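Undergrad: A single structure is presented below for examination.
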Amino acid sequence: MKKILHISKYYPPYKGGIEDVCYNIVRILHKSNSCQQKVICFSGEKETTNELYDGVHVLRVGSTMQIARQII
């Protein structure tokens, strides 16, 4: 089985353009059940969390600070 890693700035429930695109790709591929997927994104919080969102593993990486709207 193929494995796919999706990397996105954020992932739903956060709203935004790239978040929606990534979610739609993941959802379509998940329905086909032809590959194993994982999403890595920022959490918007300091803590890193690992969760299952709509049947897909999502690793939300914590950030230490934000400078000029860029997460660090």
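The values are calculated or read from the model by the stated rules, or taken from the named source; none is laboratory data. Quick caveat: nothing in here was measured; it's all calculated off a predicted structure. Cβ placement follows ideal geometry from the backbone for every residue including glycine, while neighbour counts extend to all protein chains displayed.
Undergrad: Return the residues of the stretch 1-32 that are β-branched (Val, Ile, Thr) and over 16 Å from LEU59 (Cα atoms); say none if nothing qualifies.
TA: ILE18, VAL21, ILE25, ILE28
Undergrad: On the given criteria, is LEU52 surrounded by fewer than 10 Cβ atoms within 10 Å (Cβ to Cβ), assigned to a strand (DSSP E or B) and under 14 Å from the mean Cα position of the chain (by Cα)?
TA: So LEU52 passes the test.
One line per residue, one yes/no per condition, for (1) without any contact (Cβ under 8 Å) to a residue 24 or more places away in the chain; (2) touching a His at 6+ places or on another chain (Cβ under 6 Å); (3) farther than 22 Å from GLN66 by Cα:
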| site | (1), (2), (3) |
| --- | --- |
| MET1 | no, no, yes |
| LEU5 | no, no, yes |
| GLY16 | yes, no, no |
| ARG27 | no, no, yes |
| LYS31 | yes, no, yes |
| ILE40 | no, no, no |
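Undergrad: Does the stretch 55-66 contain any residue that is surrounded by 11 or more Cβ atoms within 10 Å (Cβ to Cβ) and at pLDDT below 90?
TA: Yes.
Undergrad: Restricting attention to the stretch 3-46, report how many residues are at pLDDT below 95, surrounded by fewer than 10 Cβ atoms within 10 Å (Cβ to Cβ) and not in a helix (DSSP H, G or I).
TA: Number satisfying all stated conditions: 4.
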